[in-house]
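*Asks:* Below is a structure I'd like to ask you about.
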Amino acid sequence: MPVVTYEREFPYPRDSSGNPFPILPVQIEVAGDAIETHAYLDSGAEYSLFSAAFARVLGLDLRGGARRTYSLANRQRLDAAVREVRLTHPDLGSFSLQLGFSDEIVRNLLGRDFFNLIQIGFRERYSIFYVTPRP
């Protein structure tokens, strides 16, 4: 049986309702400008998706350019602008990611496209997740 080891351990922080969730604080950087936020780690999301408000603060033009359609759990679809960003965490380093931006979401989500850049494990019962900053 394979053994998986991790370099970092993170307790689930509590969301605004007081519930523990796997949430990672990150910095989004574009052309030297950066903003700090947090994102829910969502293994059900194929692609990462953030609020368009962050893109606007960073000066990204969300009109035209690359787009992606996201299928939501409730079977609805939403369209998002996709832009290349640098995502940074102080313990995990920096990652280049094609991040979707939409005005229609409430939570920032880091999906399986981000998980493809790291090694991640969850211990839901103990509200802990583990990360190694490489796949």
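*Asks:* Exactly one of (1) open to solvent by 70 Å² or more (accessible area, probe 1.4 Å); (2) touching a strand residue (DSSP E or B) at 6+ places or on another chain (Cβ under 6 Å); (3) farther than 26 Å from residue 132 by Cβ is unmet by residue 14. Its number?
*Replies:* (3)
*Asks:* Can you tell me which residue among 123, 83, 77 is in contact with a Ser or Thr (Cβ under 6 Å, 6 or more places away or on another chain) and free of Cβ contacts under 8 Å to residues at least 60 places away in the same chain? Break it down into steps so the answer makes sense when it comes.
*Replies:* Details: 123 fails: in contact with a Ser or Thr (Cβ under 6 Å, 6 or more places away or on another chain); 83 fails: in contact with a Ser or Thr (Cβ under 6 Å, 6 or more places away or on another chain).
That would be 77, the only listed residue that is in contact with a Ser or Thr (Cβ under 6 Å, 6 or more places away or on another chain) and free of Cβ contacts under 8 Å to residues at least 60 places away in the same chain.
*Asks:* While we're on this one: Do the conditions hold for residue 63, that is, is it more than 22 Å from residue 132 (Cβ to Cβ), modelled with pLDDT under 95 and open to solvent by 80 Å² or more (accessible area, probe 1.4 Å)? Walk me through how you get there before you give the answer.
*Replies:* Working: more than 22 Å from residue 132 (Cβ to Cβ): yes; modelled with pLDDT under 95: yes; open to solvent by 80 Å² or more (accessible area, probe 1.4 Å): yes.
The answer is yes for residue 63.
Okay, residues lined up against (1) out of contact with any Cys (no Cβ under 8 Å at 6 or more places or on another chain); (2) at pLDDT 95 or above; (3) closer than 19 Å to residue 133 by Cα; (4) aromatic (Phe, Trp, Tyr):
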site	(1), (2), (3), (4)
7	yes, yes, yes, no
28	yes, yes, yes, no
74	yes, no, no, no
95	yes, yes, yes, yes
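*Asks:* Hey, could you check segment 40-56 for residues that are among the aliphatic types (A, V, I, L, M) and under 14 Å from residue 97 (Cα atoms) and say which is surrounded by the most Cβ atoms within 10 Å (Cβ to Cβ)?
*Replies:* Initially, segment 40-56 is screened for residues among the aliphatic types (A, V, I, L, M), giving 41, 45, 49, 52-53, 55.
Keeping just the survivors that are under 14 Å from residue 97 (Cα atoms) gives 49, 55.
On the way: 49: 27, 55: 24.
This residue is 49.
*Asks:* Go through segment 43-57 and count every residue that is outside any loop (DSSP other than H, G, I, E, B), touching a residue at least 40 places away in the same chain (Cβ under 8 Å) and of a type outside the set (A, V, I, L, M, F, W, C). So that I can check it myself, show each step before the final result.
*Replies:* So the first thing to find is which residues in segment 43-57 are outside any loop (DSSP other than H, G, I, E, B), and the list is 49-57.
Those still in the list that are touching a residue at least 40 places away in the same chain (Cβ under 8 Å) too: 49-55.
Those still in the list that are of a type outside the set (A, V, I, L, M, F, W, C) too: 51.
Total satisfying the criteria: 1.
*Asks:* Please go through segment 86-135 and give me each residue that is among the aromatic types (Phe, Trp, Tyr), open to solvent by less than 50 Å² (accessible area, probe 1.4 Å) and not in a strand (DSSP E or B), ordered by number. Break it down stepwise before answering.
*Replies:* Restricting attention to segment 86-135, the residues satisfying the condition of being among the aromatic types (Phe, Trp, Tyr) are 95, 101, 114-115, 122, 126, 129-130.
Subset that is open to solvent by less than 50 Å² (accessible area, probe 1.4 Å): 95, 101, 114-115, 129-130.
Within segment 86-135, 114, 115 meet the criteria.
The values are calculated or read from the model by the stated rules, or taken from the named source; none is laboratory data. Remember, it's a predicted structure, so these values are computed and weren't measured experimentally. Every residue, glycine among them, receives a Cβ derived from its backbone with ideal geometry; neighbour counts consider all protein chains shown. What goes into the accessible areas is simple: the full protein's heavy atoms, side chains included, and nothing from ligands, DNA or RNA. Shrake-Rupley method; radii C 1.70, N 1.55, O 1.52, S 1.80 Å.
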